[in-house]
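Engineer: Structure incoming, see below.
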Amino acid sequence: MRKLGGEMRLEWLEDILAVAETGSFSEAAERRHLTPSAFSRRIQHIEDQVGVELFDRTRKPVQLLTHTAAQRDQIAMLARQLRQLGAELRRGDHMSANNLVISSQHSLTTSLTPSIIKNLNRDRGDIYIRLRSANLAECFSQLLSRQADILIVYRLRETEHPILGSYIESITMGVEALIPVLAPDALANLVTGPDATVVPYVAYPAEVFLGQVLERSVMPRVRSAIEAAPRAETALTLAALELATMGIGVAWVPQSLAQERISAGKLVNLSDFLPSCSLEVTAVRLVGNPRPVEVAVWERLSHYRLSEIAAGVTPA
């Protein structure tokens, strides 16, 4: 007997297994949702294609012939593999049509973007979202090269995104504060210690977005009132948060990222004493002919409000 599977179809394999499991052509036909005569013709066709009889019809219940029984485990394995392959191909086709790539700034990826995606999945459970995390310049590079469909990024209020407005459209979902925070036990030394005239702080590199925001909108106001000295530098807001929690220096971080530690008493919001600034949280996409999945997500994003997202409220 030739090894089964080369030219075998899934339905044929399942027909053979139905007979093996029921021991009856009529019961197997019922299981396979065929009339007994149609099922009998199909079994005969399978045997004609394979070139050998598969069943001992002289015995009741019907049994597999010896050479067929020897292949039963392989028949079952091939059937499982073909079913799985078909399911994965269908799922892949569905995911391809409903796949959307969102690129988000690192600081948003660790704070608000996961909540936004949670709401998108709640609203449209058929959408498969791939989330990429990058700095601002890389986010826009991915958008321009069509490696990302939509961006979720910060924008300093009253400024423009780094791409001409004629090429993109954006939605402002809300405003978030970039706030100064520090560990409570370091606060006393900051106010009364020997360096009370100097504010130690955590800097961001000049080439990253928050570094530019700090130098443009925050530090000039700090330095106009008191001396400021960087004690550490990092491009990652999570690292800046940790450094502030350890008391190394004041870190300016998005409020959504720091709020849990502020509420737990691990950090103090110093906005009453040091300057903060406002950042718009925006969704950005290229102007053009979007795919249906992008249209659906963009429509939902247009209804989202940052205050609701941050509070865990499902947008209307």
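The values are calculated or read from the model by the stated rules, or taken from the named source; none is laboratory data. Not measured: the values here are computed from a predicted model. All Cβ positions, even for glycine, are placed from backbone atoms using ideal geometry, and neighbour counts span all protein chains on display. All accessible areas refer to the heavy atoms of the entire protein, side chains included, with ligands and DNA or RNA removed. Shrake-Rupley method; radii C 1.70, N 1.55, O 1.52, S 1.80 Å.
Engineer: What pairs can you find where one residue is in the range 270-299 and farther than 18 Å from residue 99 by Cα and in contact (Cβ under 8 Å) with a residue 60 or more places away in the chain, the other is basic (Lys, Arg) and not in a strand (DSSP E or B), and their Cβ atoms are less than 7 Å apart, with a gap of 6+ or different chains?
Structural biologist: From the range 270-299, the pairs are 275/221; 278/157; 280/157.
Engineer: On the given criteria, is residue 181 open to solvent by 20 Å² or more (accessible area, probe 1.4 Å) and in a strand (DSSP E or B)?
Structural biologist: no
Engineer: Only one of these conditions is not met by residue 60: (1) farther than 12 Å from residue 19 by Cβ; (2) part of a helix (DSSP H, G or I); (3) of a type in the set (D, E, K, R). Which number is it?
Structural biologist: The single condition residue 60 does not satisfy is (2).
Engineer: Follow-up. Does residue 241 meet the test of being touching a residue at least 40 places away in the same chain (Cβ under 8 Å), touching a Lys or Arg at 6+ places or on another chain (Cβ under 8 Å) and in a strand (DSSP E or B)?
Structural biologist: No, not satisfied.
Engineer: Which count do you get for residues in the range 105-137 that are over 19 Å from residue 161 (Cα atoms) and of a type in the set (Gly, Ala, Ser)?
Structural biologist: 3
Engineer: Here are 257, 236: which of them is in contact with a Ser or Thr (Cβ under 6 Å, 6 or more places away or on another chain), touching a residue at least 12 places away in the same chain (Cβ under 8 Å) and not polar (S, T, N, Q)?
Structural biologist: 257
Engineer: Inspect all residues belonging to the range 249-258 and state whether any of them is within 14 Å of residue 111 (Cβ to Cβ), open to solvent by 30 Å² or more (accessible area, probe 1.4 Å) and in contact with a His (Cβ under 8 Å, 6 or more places away or on another chain).
Structural biologist: No: the range 249-258 contains no residue that is within 14 Å of residue 111 (Cβ to Cβ), open to solvent by 30 Å² or more (accessible area, probe 1.4 Å) and in contact with a His (Cβ under 8 Å, 6 or more places away or on another chain).
Engineer: Can you confirm whether residue 175 is open to solvent by 50 Å² or more (accessible area, probe 1.4 Å), under 38 Å from the mean Cα position of the chain (by Cα), more than 17 Å from residue 239 (Cβ to Cβ) and of a type outside the set (Asp, Glu)?
Structural biologist: Answer is yes for this residue.
Engineer: Does the range 132-167 hold any residues that are closer than 18 Å to residue 289 by Cβ, open to solvent by 20 Å² or more (accessible area, probe 1.4 Å) and outside any loop (DSSP other than H, G, I, E, B), and which are they?
Structural biologist: 144
Engineer: Hey, another quick one. Considering only the range 33-53, state which residues are closer than 18 Å to residue 71 by Cα, at pLDDT 85 or above and not in a helix (DSSP H, G or I).
Structural biologist: 53 - this is the single residue of the range 33-53 that is closer than 18 Å to residue 71 by Cα, at pLDDT 85 or above and not in a helix (DSSP H, G or I).
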